[in-house]
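Asks: Supplied in structure tokens, the structure appears directly below.
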């Protein structure tokens, strides 16, 4: 499900079963990321698929990338392997105004 910056941030902060997933490259992650995010680079297809298959399907996944395109794709892939609760950050990290590292 696509959420605006405001919706995504508010829902994530109120969700006690949340998991924050950054699907950008490690270089992008090093330049800055949302606090407590886990990195799984979607461009590394084999390791990304392996990584998402090891995730707990009972969690609620808040997924972001630079602009929202890769994270939308990541949510689709996660949904295909029965991780049903995924939230894509529209506008991605480029528009993020919350806390970051």
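The values are calculated or read from the model by the stated rules, or taken from the named source; none is laboratory data. Keep in mind that what you see is a predicted model, and the values were worked out from it rather than measured. A quick note on method: Cβ atoms are made from the backbone with ideal geometry, for glycine too, and the neighbour counts reach across all protein chains shown.
Asks: Being at pLDDT 95 or above, in contact with a strand residue (DSSP E or B) (Cβ under 7 Å, 6 or more places away or on another chain), within 22 Å of residue 10 (Cα to Cα) and not in a loop (DSSP other than H, G, I, E, B) is true for just one of 79, 88. Which residue is that?
Replies: Exactly one of 79, 88 is at pLDDT 95 or above, in contact with a strand residue (DSSP E or B) (Cβ under 7 Å, 6 or more places away or on another chain), within 22 Å of residue 10 (Cα to Cα) and not in a loop (DSSP other than H, G, I, E, B), namely 88.
Asks: In addition: Please specify each residue of the stretch 91-101 satisfying the condition of being part of a helix (DSSP H, G or I) and either buried (at least 20 other Cβ atoms within 10 Å of the Cβ) or out of contact with any helix residue (DSSP H, G or I) (no Cβ under 8 Å at 6 or more places or on another chain) (or both).
Replies: Within the stretch 91-101, 93, 94 meet the criteria.
Asks: A follow-up question, please. Would a scan of the stretch 60-68 turn up a residue that is over 12 Å from the mean Cα position of the chain (by Cα) and either without any contact (Cβ under 8 Å) to a residue 24 or more places away in the chain or part of a loop (DSSP other than H, G, I, E, B) (or both)?
Replies: If we filter the stretch 60-68 for residues that are over 12 Å from the mean Cα position of the chain (by Cα), which is where we start, we get none.
For the stretch 60-68, residues over 12 Å from the mean Cα position of the chain (by Cα) and either without any contact (Cβ under 8 Å) to a residue 24 or more places away in the chain or part of a loop (DSSP other than H, G, I, E, B) (or both): absent.
Asks: Can you confirm whether residue 2 is at pLDDT 95 or above and surrounded by 18 or more Cβ atoms within 10 Å (Cβ to Cβ)?
Replies: no
Asks: Have a look at 73, 11 and point out the one that is in a helix (DSSP H, G or I), within 11 Å of the chain's Cα centre (by Cα), surrounded by fewer than 20 Cβ atoms within 10 Å (Cβ to Cβ) and modelled with pLDDT of 95 or more. Steps first, answer last, please.
Replies: On the way: 11 fails: within 11 Å of the chain's Cα centre (by Cα).
Checking each option against the conditions leaves just 73.
Asks: Residues that are touching a strand residue (DSSP E or B) at 6+ places or on another chain (Cβ under 7 Å), in a loop (DSSP other than H, G, I, E, B) and in contact (Cβ under 8 Å) with a residue 40 or more places away in the chain: does the stretch 16-28 have at least one?
Replies: Scanning the stretch 16-28 turns up at least one residue that is touching a strand residue (DSSP E or B) at 6+ places or on another chain (Cβ under 7 Å), in a loop (DSSP other than H, G, I, E, B) and in contact (Cβ under 8 Å) with a residue 40 or more places away in the chain.
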